[in-house]
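Below is one structure, written out as structure tokens, with a few remarks after it.
The values are calculated or read from the model by the stated rules, or taken from the named source; none is laboratory data. No experiment lies behind these values; they were computed from the predicted model shown. Quick reminder, even Gly has a Cβ in these numbers, built from the backbone with ideal geometry, and neighbours come from all protein chains shown.
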């Protein structure tokens, strides 16, 4: 009996010790970032984000109309009733479902619609999300801060420049970047690939980075000079989403050009050279576990050359940044730039038929839709550039996922 009473004295200490161990375990589990990975464009999403801009209103309304019958659309708009009426009218007139449209009025709405570049990077671990906000050239843009506060998500503020159109993630810890771009925007790192890679891995919790060298010629900055005689680029500086995209953790689509397409074009010849180099880099690379990728070559979009209308030299021309790779994957659709309205040749029609079949093969449950993106291409962007996605947590709640999936039949 005396022994029992002696042992009883130690019970509170044992309980406290056990509780301390459990508490420490939970702290380690929930503070450990090692199992968070940057989400991929093909992940299931809760909503698609867009920023309304009158200059791109036709394309934005087309995208929203095609997606909204099946899933949620969130549009950041100006803080006026007139704009709200205009947005709803344009989307509904195209067959969109207004019930699935969420308008967020902002007094200080971003001045451009390129939300992909300044939206947060979402990192995910099972049922948890957090954000990474990288530096953007316009410090007044505060979409990341707004979303972090609205969704009550932790946010990591980075002192590193990175744009959404310049990175591709497979959702498992591998990222693809273009060194020409990263070197130019992070000059503070003195162009060191090793230091840039260190920062990218740290910010996005990546296990592996694959470096491509250059993007397509049309996507260079105009300041770089002409890419063929008096033809200037109108791009955004080697964005990867103009030529190379993940469609699953182990599958990569990349643009390609045949010899017969090139002809006498210096632009296409240079594009082919760069794309072949990037193809072999990817072909010889592996993912975060060393497994090879399935590389899927995809047709090159037709080149569009227009007068530059420069007061300095009326003889200058510019190329639009046309690309089939600047697509958007949603829960139910794949929205792709289409060019048959500006290029009625049989070649372009066959290319787009091939593209539709290829996407349908890899996404049999989704509807494949082509959209005219002329106003975006003319300013160096596309569908992927003006959209961003909030990933869906696995735990579906009325708050996090309001819409039920509408399962589509195989085509």
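Data overview
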| read-out | value |
| --- | --- |
| Any chance residue 46 is more than 17 Å from residue 74 (Cβ to Cβ) and at pLDDT 60 or above | no |
| One residue from 266, 207 being over 18 Å from the mean Cα position of the chain (by Cα), without any contact (Cβ under 8 Å) to a residue 60 or more places away in the chain and surrounded by fewer than 22 Cβ atoms within 10 Å (Cβ to Cβ) | 266 |
| Conditions (1) modelled with pLDDT under 95; (2) touching a helix residue (DSSP H, G or I) at 6+ places or on another chain (Cβ under 6 Å); (3) in a helix (DSSP H, G or I); number of the one not met by residue 261 | (2) |
| Evaluation of residue 288 against (1) part of a loop (DSSP other than H, G, I, E, B); (2) under 19 Å from the mean Cα position of the chain (by Cα); (3) at pLDDT 95 or above (one fails), failing number | (2) |
| Neighbours by Cβ (under 7 Å, 6+ apart or cross-chain): first from the stretch 135-159, free of Cβ contacts under 8 Å to residues at least 40 places away in the same chain and at negative phi; second in a helix (DSSP H, G or I) and surrounded by 11 or more Cβ atoms within 10 Å (Cβ to Cβ) | 136/117; 136/118; 141/118; 155/144; 155/148 |
| Residue check, residue 255 over 24 Å from the mean Cα position of the chain (by Cα) and either more than 23 Å from residue 328 (Cβ to Cβ) or surrounded by 14 or more Cβ atoms within 10 Å (Cβ to Cβ) (or both) | no |
| Residue list for the stretch 158-195, restricted to those being more than 24 Å from residue 381 (Cβ to Cβ) and either touching a helix residue (DSSP H, G or I) at 6+ places or on another chain (Cβ under 7 Å) or loosely packed, with under 14 Cβ neighbours inside 10 Å (or both) | 159, 188, 189, 190, 191, 192, 193, 194, 195 |
| Failed item in (1) in contact with a strand residue (DSSP E or B) (Cβ under 9 Å, 6 or more places away or on another chain); (2) part of a helix (DSSP H, G or I); (3) surrounded by fewer than 22 Cβ atoms within 10 Å (Cβ to Cβ), with residue 234 passing the rest | (2) |
| Selection count where residues are part of a strand (DSSP E or B), surrounded by 17 or more Cβ atoms within 10 Å (Cβ to Cβ) and at pLDDT 95 or above, scope the stretch 78-102 | 1 |
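To keep it simple, each residue is scored yes or no on (1) in contact with a helix residue (DSSP H, G or I) (Cβ under 6 Å, 6 or more places away or on another chain); (2) over 19 Å from residue 140 (Cβ atoms).
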{"position": "51", "(1), (2)": "yes, no"}
{"position": "55", "(1), (2)": "no, no"}
{"position": "65", "(1), (2)": "yes, yes"}
{"position": "76", "(1), (2)": "no, no"}
{"position": "82", "(1), (2)": "no, yes"}
{"position": "91", "(1), (2)": "yes, yes"}
{"position": "96", "(1), (2)": "yes, yes"}
{"position": "102", "(1), (2)": "no, yes"}
{"position": "107", "(1), (2)": "no, no"}
